[in-house]
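Notes follow the structure.
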Amino acid sequence: MKVIKNIFVGFLVSFIGSIPLGYLNIIGFEIYSKFGIKDLIFYLLGVISVEVFVIYFTLIFAEKLVNNKKLMKAVDYFAIIFLLILGYSFYAHSNQSAANHNDLEKYITYSPYLIGLLLNCVNFLQLPFWTGWNLYLMNGNYIAVENKLKYYYIAGTLIGTFLGMLALVLILNTLSQNTTFFSKYVMSVIIPLFFIVLAFIQMYKVYKKYYKR
């Protein structure tokens, strides 16, 4: 029973958590739209190859990481800057000419798996995300991490991340069929605004966590 519970909880948390992964999902969409499902799968495998280590180590050292106030404060502040940079980068990218949109194509010729691996290595937002969730799930007895049970939880999270990102990429691809709307509003307005909103939410969290008495 604990095994099934660990897999289900891990799957649910990571499936939902894969939605706000931001630029990882957008890059996945670009890979799928240009090169197809095979390269997208390799890209997602690269993403979860990093995810497995992040989840494992935050699960093992969650309490120590949270108790390191300086480290978590630095990560929280960096998350704000990171989100704003992402928002600007997508806005700037949308205003480039079509002739300049071949950067990903040149990069993807090396390995979609490598792209997923490298991009997720700099996805610093997952550190507080998984630390917070793992502590919450452990303290609430939603998961059991003794002995080999933690590996079933990790397996569930990896499956959830993979399927969650895959579902979102396919949804984005369906939306992009309306090319006028997608090119005019989604890449240049909606996605940058999405990151800006996330940045303001992160600012509020930092204020509430470190400054509000």
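Values in this text are rule-based calculations from the coordinates and carry no lab data. Since the model is a prediction, treat every value here as computed from it, not as a measurement. Cβ coordinates were reconstructed from backbone atoms using ideal geometry, including for glycine residues, and neighbour counts include every protein chain displayed.
Once the Cα-Cα distance is subtracted from the 0.36 nm per residue extended length, the LYS5 to LYS34 segment shows a gain of 6.6 nm.
With the simple model of a label 7 Å out from the Cα in the direction of the Cβ, LEU45 to TYR110 spans 1.9 nm. Each label point was placed 7 Å from the Cα along the Cα-to-Cβ direction; for LEU163 and LEU71 their separation is 3.2 nm.
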